[in-house]
1. Going by the alpha-carbon gyration tensor, a ≥ b ≥ c the square roots of its eigenvalues, is region 90-202 rounded (a/c under 1.5) or, if a/c is not under 1.5, prolate (a/b greater than b/c) versus oblate?
2. Quick check on the exposure proxy: order TYR39, TYR34 from fewest to most C-beta atoms within 10 angstrom.
3. Around ASP111, with a cut-off of 13 angstrom between Cβ atoms, what is the net charge of the other residues, counting Lys and Arg +1 and Asp and Glu -1?
4. Between TYR39 and ILE11, 0.36 nm times their residue separation minus their Cα-Cα distance comes to what?
5. Assuming 0.36 nm per residue, please report the length gained on full extension of the stretch TYR186 to ASN152 beyond their Cα-Cα distance.
6. Where does the chain land at 222 nm, in deg cm²/dmol rounded to the nearest 500, when only DSSP H runs of n ≥ 4 count, each adding -39500 (n - 2.57), divided by all residues?
7. Search the structure for amide H atoms under 5 Å from the amide H of VAL140, placed 1.01 Å from N in the peptide plane, and list their residues when 5 or more places away or on another chain.
8. Relative to the first principal axis of the alpha-carbon coordinates of the chain, what is the inclination of helix 186-200, with its axis defined by its Cα atoms, in degrees from 0 to 90 and to the nearest 10?
Amino acid sequence: MNKHMFLQGEIGVGKSTIIKNSISSHMHDIGGFYSQRIYIGEKYVGFALKCVQEEEEYKINRYVNSLNEVDNIFLYSDDNGRWKINNDVFLNYGISLLKKGYTSKKLILMDELGGVELKCIPFMREIFNLLDGNIPVLGVLKTESSITKLQNKLSNSLNKDSPSEFYERILNHSNVKIVNISRENYIEANNNVTKFVEDLFR
């Protein structure tokens with residue numbers, strides 16, 4: 001039986017929303033991270049790595065006047081519209097978030113994997129420590145088409161042969177079940193995720 005569940009689907013189909021709704025009643029027993037999309041006005045300009053905390057602080061989107069208002073931004077657009085990576089966020093903050101989940105939590109959130117963090121080897125080692133362990137993981141794994149879109153923004157930062165070996169290892173991990181989500185099967189997928197979470201907290 002698979003210990004872990006990862007959702008896949010096109011951008012905007014509602015993967016993170018399904019997860020947020022399914023775990024909202026159990027926040028104090030959940031560790032890990034999620035990616036928060038940062039907006040200035042109507043334009044998204046970055047992504048921040050966020051700790052799973054209380055429900056009222058769990059915001060998938062955040063609107064700010066300046067990126068200086070946000071901590072732990074790992075991907076951002078500079079003043080010239082070029083996207084930049086800050087891997088120090090994964091090294092200095094992300095790893096500590098994952099280690100906190102080793103003994104104190106019942107479920108680990110990883111929302112999402114398949115982006116720039118694949119190039120941060122120490123962070124990915126911690127990911128696989130958890131995937132090889134006994135604490136269940138619920139997460140999102142980018143599709144290959146989503147990775148291609150990211151590559152187009154980061155032509156100088158990601159190799160064109162991505163997805164990397166780490167991506168393939170997650171996709172084919174013996175403890176991982178992949179749930180593909182589309183608009184057509186959204187209700188069924190939502191029910192599957194809800195059951196996965198509720199079974200853990202019975």
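1. oblate
2. Numbers: TYR39 13, TYR34 21.
Ordered by Cβ neighbours within 10 Å, fewest first: TYR39, TYR34.
3. +4
4. 8.4 nm
5. 9.4 nm
6. Working: 6 runs with 62 residues, N = 202.
Using -39500 (n - 2.57) per qualifying helix, the result is -9000 deg cm²/dmol.
7. Residues meeting the amide H criterion: LEU7, MET110, ASP111, LEU113.
8. So the inclination is approximately 60 degrees.
Taken together, the values in this text are just the output of simple stated rules run on the coordinates, not laboratory data. None of these values were measured; they are calculated from a predicted model. We place every Cβ from the backbone using ideal geometry, glycine too, and count neighbours over all the protein chains shown.
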